[in-house]
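Single-structure report; data block below.
The values are calculated or read from the model by the stated rules, or taken from the named source; none is laboratory data. Please read all numbers here as calculations on a predicted model, not as lab measurements. Every residue, glycine among them, receives a Cβ derived from its backbone with ideal geometry; neighbour counts consider all protein chains shown. What goes into the accessible areas is simple: the full protein's heavy atoms, side chains included, and nothing from ligands, DNA or RNA. Shrake-Rupley method; radii C 1.70, N 1.55, O 1.52, S 1.80 Å.
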Amino acid sequence: MNWSNWIYLGAGIALGMIFRQLFVRSPNVSSSSFPVAPLAEQDMPSISQQLQQTQLAYQMAREMSLFKGGFLARTTHELRSPLSGLIGLHQLILSDLCEDPAEEREFIAQAYERTLKLLKLMDEILSVARTEHGTNKLDIQPRPLAEVLEDVHKLTYMLAANRNFPLQLLPADPEIYVLADYLWLRQILISLIDTAITQMEEGSICISSSTVPTSNFVNIWLDVPTHAIPWSEPIDLIKSEDQAIQIDQRNAALSPGMRLLINQTLVEVMGGKLEILPLTIAKESHQKISRLQISIPLVIPEAELLHQEQNQG
């Protein structure tokens, strides 16, 4: 071993001893200079619960983003299903598989009826598209929130009662006014409740509302059983071409997922937002519930009237 190797060896030993002393002293220094209070055991559950809620909120926000991203694919599949039924009926007729002219006429009548229902679906989707584009103008004015929710409750109460699902409405503050299209907002709420009822197996629905102190919005809440929310439907419809779409051929109604997507679009056109909040557990029934939250702009009628007078003046 030459002299240079001895020098490197000595330098390495010296550096090792220096670092060893530093690492030995560092815990004592940190503990004396920067005392850290031990985490209380009672704080652990709350932190864990907050972390879980945050993870659920992120997952749901991601799902809703992907869910909305497939609007074109979802619309195509919504219309493709009833079209397949029409093609099947025409194939039976053209292949001379009808037993007699009466059965052939019956198939033609069924095809005609389904064509009218398909046209109705297309008109509904086009109406929403035109509203989003701005072709269909909305009548956005200050509306009393309590009146809107009471009308929604009256129109959906019997529908829930007929299936033995309790529908509860917590009265809204009569002084709260929202800036929205009255008919569209009422229709959105009815559609969400109707969709939940059709998907429910058990449980109840609760309608409530609350203002947001930190923003000029009012939150309308629909608490429904988790399984009644269609946000978990398959999203990537383009890759799953052979997947069956759950659409009743006889009624040719839009799927629950498509209705949720349409309602989300309409709420955004009115300057609001439709979200699904993380899961909670109902204390009475110990049942998992999810909250549909509709955020609508809040307006003070007196301030709005003053603003209109200033604009006219």
Check: So, with a 1.4 angstrom probe, what is the percent of accessible area on the stretch 76-226 that is carbon and sulfur?
Finding: 54
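With every protein chain left in place, what is the accessible area per residue of the stretch 133-176 in square angstrom, probe 1.4 Å?
Working: 2900 Å² over 44 residues.
Per residue, the stretch 133-176 has 66 Å² of solvent-accessible surface.
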Notebook entry, point to check: Once the whole set of protein chains is in place, how much accessible area is left on Ser204, using a 1.4 Å probe, in Å² to the nearest 10?
Noted result: 60
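State, to one decimal in nm², a quarter of the convex hull surface area for the C-alpha atoms of the stretch 141-221, i.e. the direction-averaged projected area.
In nm², the orientation-averaged hull projection of the stretch 141-221 is 5.4.
Just in the stretch 135-181: which trypsin sites (Lys or Arg not before Pro) are loop by DSSP and have at most 15 other Cβ atoms within 10 Å?
Numbers: sites: Lys137, Lys154, Arg163; in loops: Lys137, Arg163.
Passing both the DSSP loop test and the Cβ count: Lys137, Arg163.
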